[in-house]
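Input: a single structure, listed below in structure tokens.
What follows draws every value from the coordinates through simple rules; no lab data is involved. What you see is a predicted model; the values in this text were computed from it and never measured. Note that each Cβ is placed from the backbone with ideal geometry, even for glycine, and that neighbours are counted across all protein chains shown.
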Amino acid sequence: MKRFLMLMLVIFAGCGESAEEANKRMEQETKKQVEQETLRRIQEKLKSSGTFTDADAEYLSQRYNQELYLISDLTSITDKQAEILSKVKSLRLDGLTSLTDKQAESLGKANGLYLEGLTSINDEQATSLSNVEILRLSGLQTITDKQVEILSNVKTLNLSGLTSLTDQQAQALSKVHWLELRGMESVTEPQAESLSKVKWLYIPTSCLELINQYKTP
């Protein structure tokens, strides 16, 4: 890398830049090279083991503090790493299949969470995750009435892994602003009436036909 940077310095100087400008440009190139190498190393470790270090989590949370969508190969996480990543505004952690209550509490500090790999959650985790504005849990195939009631506080919610709802769950979900239920196979009339109150609803057409009958003009 040192030889590459010296060559870049010569090129910059040959382009008529002052020594100060050339040094500044070289510093920028050095930083870019280090970041690319660090990211490559982290991604290689994720692909091979599904894990990364606390230092890696810290680096990523600072480098991508608004959106971190490139660690879907992460399959396990420590409580400390979850706390570190909670500094990121929007996180995609689709490789995780389970969370501890402490991890859910930490990740609930984010603004957006993509947890498509989770297959189940408990009430305490639902409470923590309900603090985010955008939540994708399309891996859940079953959910309790209490958990739905808790998650109904989320502004944008994806539960597309569910194939059916209870009437009570549909009533609770009527409060959600943006709701995705793409896996639903059918709805009852009481459910259709409740879901008709959702402003932005994404559900199979077979269900939407009945729901539309309850929408007010």
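Annotation: amide H-H contacts under 5 Å for residue 113 (H modelled 1.01 Å from N, sequence separation of 5 or more, or interchain): 91, 134, 135, 136. Dividing the mean sequence gap of close Cα pairs (under 8 Å, 6+ apart) by how many residues the chain holds gives a relative contact order of 10 percent.
Count Lys and Arg as plus one, Asp and Glu as minus one, and take only other residues whose Cβ is under 15 Å from that of residue 80; the net charge is then -4.
Evaluate E = 1/(1 + (r/R0)^6) for residue 167 and residue 124, where r is the Cβ-Cβ distance and R0 equals 22 Å; express this FRET efficiency to the nearest 0.05.
So, using R0 = 22 Å, E works out to roughly 0.30.
Our summary of shape: the Cα atoms of the stretch 75-191 have principal axis extents of 46, 22, 20 Å, ordered from largest down, in whole angstrom. Rounded, prolate or oblate: pick one for the stretch 139-178, where a ≥ b ≥ c are the square roots of the eigenvalues of its C-alpha gyration tensor, a/c under 1.5 means rounded, and failing that, prolate if a/b is larger than b/c, else oblate. Oblate, because a/c is 1.5 or more while a/b does not exceed b/c. With R₀ fixed at 22 Å, the C-beta to C-beta distance from residue 28 to residue 63 puts the FRET efficiency at about 0.90. Cα gyration tensor of the stretch 75-124, axes a ≥ b ≥ c as square roots of the eigenvalues: rounded (a/c below 1.5), prolate (a/b > b/c) or oblate? Rounded shape, in that the Cα axes give a/c under 1.5. An oblate overall shape is assigned to the stretch 35-88, the ratio a/c of its alpha-carbon gyration tensor axes (a ≥ b ≥ c) being 1.5 or greater and a/b not exceeding b/c. In order along the stretch 47-62, the phi-based Karplus estimate (6.51 cos²θ - 1.76 cosθ + 1.60, θ = phi - 60°) of 3J(HN,Hα) comes to 5, 8, 10, x, 9, 8, 8, 4, 5, 5, 4, 5, 4, 5, 5, 8 Hz; Gly and Pro are listed as x. A simple spin-label model places the labels of residue 40 and residue 215 5.1 nm from each other, with each point 7 Å out along Cα-to-Cβ. Taking each of 146/197; 155/197; 47/80; 24/47; 32/109; 109/197 in turn, the alpha-carbon distance tops 25 angstrom for 24/47; 32/109; 109/197.
In the chain, helical runs assigned H by DSSP with n ≥ 4 each contribute -39500 (n - 2.57); averaged across all residues and rounded to the nearest 500, the mean residue ellipticity at 222 nm is -14500 deg cm²/dmol. The distance separating the Cα centre of the stretch 176-196 from that of the stretch 115-165 comes to 15 Å.
Taking each residue as 0.36 nm, the span from residue 70 to residue 47 lengthens on full extension beyond its C-alpha to C-alpha distance by 7.2 nm. For the pair residue 98 and residue 202, label points projected 7 Å from Cα toward Cβ lie 2.9 nm apart.
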